[in-house]
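Written out below as structure tokens is the structure these notes cover.
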Amino acid sequence: MVTGIIHVLLVITPGVYGDQFYQFMDSIFFNINDGLADFPIIGGTLHHKEFAAFWFFYAGPLTFIYGYLLNEVEKIHGCVPVNQ
């Protein structure tokens, strides 16, 4: 869960991914590029920092939820069951 929280905190921190995060807010967190026009194969330029910020931001809440669910399973079973 801590990893998820750190992801989100780094994304909203100015100087890390804060600038990209505020651009996401303007596009309601969905529009991160210009579509196919950004792909180098047709003469575009990928915006690596925007893509990294996008995935870093969305990985945070997912990682937090995964950690929470693992914690609940450990409380119930005492450990995480191993599938064989």
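The values are calculated or read from the model by the stated rules, or taken from the named source; none is laboratory data. All of these numbers come straight from a predicted model, not from anything done at the bench. Because the Cβ atoms are built from the backbone with ideal geometry, glycine has one as well, and the counts that use them run over all protein chains shown.
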* Asked: Is there any pair linking a residue in segment 58-84 that is farther than 30 Å from Phe21 by Cβ to one that is exposed (fewer than 11 other Cβ atoms within 10 Å of the Cβ) and not small (Gly, Ala, Ser), with Cβ under 8 Å and at least six apart or on different chains, and which?
  -> Val73/Val80; Val73/Pro81; Glu74/Val80
* Starting from segment 1-17, take each residue that is more than 9 Å from Phe57 (Cβ to Cβ) and list its partners that are of a type in the set (Ser, Thr, Tyr), counting only C-beta distances under 6 angstrom and pairs at least six apart or across chains. => Met1/Tyr68; Thr3/Thr63; Gly4/Thr63
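Quick check, is Leu70 assigned to a helix (DSSP H, G or I), exposed (fewer than 12 other Cβ atoms within 10 Å of the Cβ) and modelled with pLDDT of 80 or more? It would help to see each step written out before you state the result.
On the way: assigned to a helix (DSSP H, G or I): yes; exposed (fewer than 12 other Cβ atoms within 10 Å of the Cβ): no; modelled with pLDDT of 80 or more: yes.
Against the criterion (assigned to a helix (DSSP H, G or I), exposed (fewer than 12 other Cβ atoms within 10 Å of the Cβ) and modelled with pLDDT of 80 or more), Leu70 does not qualify.
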* Just for segment 25-43: of the residues that are in contact with a helix residue (DSSP H, G or I) (Cβ under 7 Å, 6 or more places away or on another chain) and part of a helix (DSSP H, G or I), which one is modelled with the lowest pLDDT? -> Leu36
* Asked: Could you say whether any residue in segment 44-55 is in a helix (DSSP H, G or I), at pLDDT 80 or above and either of a type in the set (Asp, Glu) or farther than 17 Å from Leu10 by Cβ (or both)?
  -> no
